[in-house]
Structure formats: C-alpha cells, structure tokens
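Novice: Got a structure here, written out as structure tokens. Questions coming.
Bear in mind these aren't lab numbers, they're just calculated from the coordinates by the rules spelled out. This structure is a prediction, so every number in the text was calculated from the model and none was measured. Using ideal geometry, Cβ is built from the backbone for each residue, glycine included, and neighbour counts are taken over all protein chains shown.
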Amino acid sequence: MRQFDELNQTEQADVVDREMVSLLETITEGAIRFNDGLNGDDLQARIDTAQARAEEMRTPWFAHECILDTCREDIEALARGSLQDCLFASPDEPRVVIV
C-alpha cells in the first residue's frame with residue numbers, strides 16, 4: 001500500500017480529479033455545506049452564487065463547472081487534504097473486493 005505522497009504525478013492527478021468530482025456531487029446535493037463565519041472565508045457564498053447562476057441559466061447540470069469557475073483552488077485543496085490519510089494499492093498488489 002502507498003500513501004498519497006508516494007503516488008506518481010499522474011496517479012495523484014487521477015485520484016484528485018476523482019475526489020473533486022465526488023466532493024462536487026456531495027456539495028451540489030446539499031449534503032455538505034461550509035460555515036463561512038467559522039471558516040473565515042466566503043466559500044459557501046461563492047458556491048451558492050455559482051449554483052444560482054447555473055439555475056438562472058436553466059442548466060443545473062453545469063453547477064459543477066460553475067462552482068469550479070470560482071472555487072477550483074478551494075475544492076482541489078479540500079480534495080487533496082482528504083486524500084492525505086488514504087492508502088492506495090500498488091499496481092503489483094492484488095485487489096481486494098469486499099462483497
């Protein structure tokens with residue numbers, strides 16, 4: 001097993017992209033919200049504005065892209081942070097499937 005820092009750049013980029021997609025899905029479903037007051041930033045306000053913009057354009061399926069337009073660095077930092085404690089299988093290790 002390898003930690004995030006032990007992955008090569010391509011592997012890191014791949015897992016970060018997948019984690020960002022997962023995080024964006026969670027955000028757009030409303031399952032996670034950020035407290036701007038406690039965090040001392042305006043991330044949730046920017047997310048709300050981006051989602052409202054997608055709704056106004058009658059393209060709610062573009063909410064992910066609208067959020068990334070204004071919050072990409074924040075979302076990527078959150079994704080990278082959550083991956084720091086993960087373990088990843090090495091290519092030579094067998095895959096474990098739990099049913």
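Novice: Sort out which residues of segment 22-40 are crowded, with 16+ Cβ neighbours inside 10 Å and closer than 29 Å to Asp5 by Cβ, and write them in order of number.
Specialist: Matches in segment 22-40: Leu23, Leu24, Ile27, Phe34.
Novice: If you go through segment 8-59, how many residues are under 17 Å from Ser82 (Cα atoms) and among the acidic types (Asp, Glu)?
Specialist: Number of matching residues: 5.
Novice: Only one of Leu43, Leu68 is surrounded by 10 or more Cβ atoms within 10 Å (Cβ to Cβ), among the hydrophobic types (A, V, I, L, M, F, W, C) and touching a residue at least 40 places away in the same chain (Cβ under 8 Å); which? Spell out the reasoning first.
Specialist: On the way: Leu43 fails: touching a residue at least 40 places away in the same chain (Cβ under 8 Å).
Of the residues listed, the single one that is surrounded by 10 or more Cβ atoms within 10 Å (Cβ to Cβ), among the hydrophobic types (A, V, I, L, M, F, W, C) and touching a residue at least 40 places away in the same chain (Cβ under 8 Å) is Leu68.
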